[in-house]
Amino acid sequence: MLAYFAAAMVSKIPDQPLEIEIPEEISGLRMTRQRREVYRILQQERNHPTANDVFMRVKDRLPNISLATVYNCLEVLVQHGIIRQVNFERESSRYCPNLSEHGHFHDEATGVIHDVVFKPGITLADVLQLPPGALIQDVEITLRGKIATT
Ligand SMILES: [Zn+2]
C-alpha cells in the first residue's frame, strides 16, 4: 500500500529523499504548514500512530510545534474526513489515512495495528444477517488477536 502510494504521489528529486506532495487544499480545508506536516507523517508511516507518536515525529521538521497544535491539526483533519480517528478500548486514539472501507486487526502481542479489507466481491450482507432494509453508513470493525509465527 505504501509502495503504491509512493509511486503515485511522489515527485522525484534527484539525490533527495522521496517526499510526498501534499496539495494546498484538501476537501475544502486549507493545508497550513502544520497540517501538511502532520498529514505527511500519517501518509508516510501507515502504522496508526497516536497523537503523541505524531508529535514526536513531526518535531524533526517543525521543532517548535506543540502537542496541543498536533491535536488541533489531527482534529480538523478528522472533521474534514481527510483522515480517520480509530479508537481501541482503553487506549489513546490512533489516526489512519486510509479512507477506503476497512477494519483493523490489533496484534496484541506486538501492538501493531493492521488494516484489513473485505475480500474482492464480498460485502457485509454476505457475512452478516442484517435487519431488512438496513443501509450501512459507517463500518467499524476491530479484530484482536495475534499473528502466529511458524
Ligand atoms: Zn486503518
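The values are calculated or read from the model by the stated rules, or taken from the named source; none is laboratory data. None of the values given here were measured: they were computed from a predicted structure. Cβ: placed from backbone, ideal geometry, glycine included. Neighbour counts: every protein chain shown.
Quick one: would you say L42 is within 16 Å of the ligand (Cβ to nearest atom), in a helix (DSSP H, G or I) and either within 30 Å of A148 (Cβ to Cβ) or not acidic (D, E) (or both)?
Yes.
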Study note, to complete from the structure: Flagged in segment 95-150 as of a type in the set (D, E), under 30 Å from R35 (Cβ atoms) and surrounded by fewer than 10 Cβ atoms within 10 Å (Cβ to Cβ), in numbering order, are D138, E140
Check your understanding: Out of I82, I26, which single residue is within 14 Å of the chain's Cα centre (by Cα), outside the structural domain of F118 (by TED's automatic domain parsing), within 23 Å of D138 (Cβ to Cβ) and in contact (Cβ under 8 Å) with a residue 40 or more places away in the chain?
Key -> I82
**Study point:** Count of residues meeting criterion [touching a residue at least 24 places away in the same chain (Cβ under 8 Å) and within 16 Å of the ligand (Cβ to nearest atom)] in segment 135-147
**Key:** 6
Practice item. Return the residue satisfying two criteria in turn: it lies in segment 87-101 and is within 11 Å of the ligand (Cβ to nearest atom) and modelled with pLDDT under 90, and of such residues it is farthest from the chain's Cα centre (by Cα). Key: E101
Study note, to complete from the structure: Of those in segment 102-134 that are of a type outside the set (A, V, I, L, M, F, W, C) and within 9 Å of the ligand (Cβ to nearest atom), the residue nearest to A148 (Cα to Cα) is H114
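Give the residues of segment 102-132 that are among the small types (G, A, S) and modelled with pLDDT under 90, sorted by residue number. Walk me through how you get there before you give the answer.
Taking segment 102-132 as the starting set, the residues that turn out to be among the small types (G, A, S) are 103, 109, 111, 121, 125.
Hits for segment 102-132 are G111, A125.
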Review point. Quick one: which of A68, A109 is assigned to a helix (DSSP H, G or I) and either over 14 Å from the mean Cα position of the chain (by Cα) or under 18 Å from L143 (Cα atoms) (or both)?
Key: A68
Practice item. Consider P63 carefully, then state whether it is modelled with pLDDT of 90 or more, over 21 Å from the mean Cα position of the chain (by Cα), assigned to a loop (DSSP other than H, G, I, E, B) and farther than 30 Å from T32 by Cα. Key: no
Practice item. For H80, indicate whether it is within 11 Å of the ligand (Cβ to nearest atom) and either within 20 Å of Q44 (Cβ to Cβ) or in contact with a His (Cβ under 9 Å, 6 or more places away or on another chain) (or both). Key: no
Review point. If you go through segment 76-85 one residue at a time, do you hit one that is among the β-branched types (V, I, T) and in a strand (DSSP E or B)?
Key: no
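For (1) over 18 Å from Y95 (Cα atoms); (2) not β-branched (V, I, T), each residue gets a yes or a no:
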| site | (1), (2) |
| --- | --- |
| H106 | no, yes |
| G111 | no, yes |
| H114 | no, yes |
| A125 | yes, yes |
| Q129 | yes, yes |
| L135 | yes, yes |
| D138 | no, yes |
| T142 | no, no |
| K146 | yes, yes |
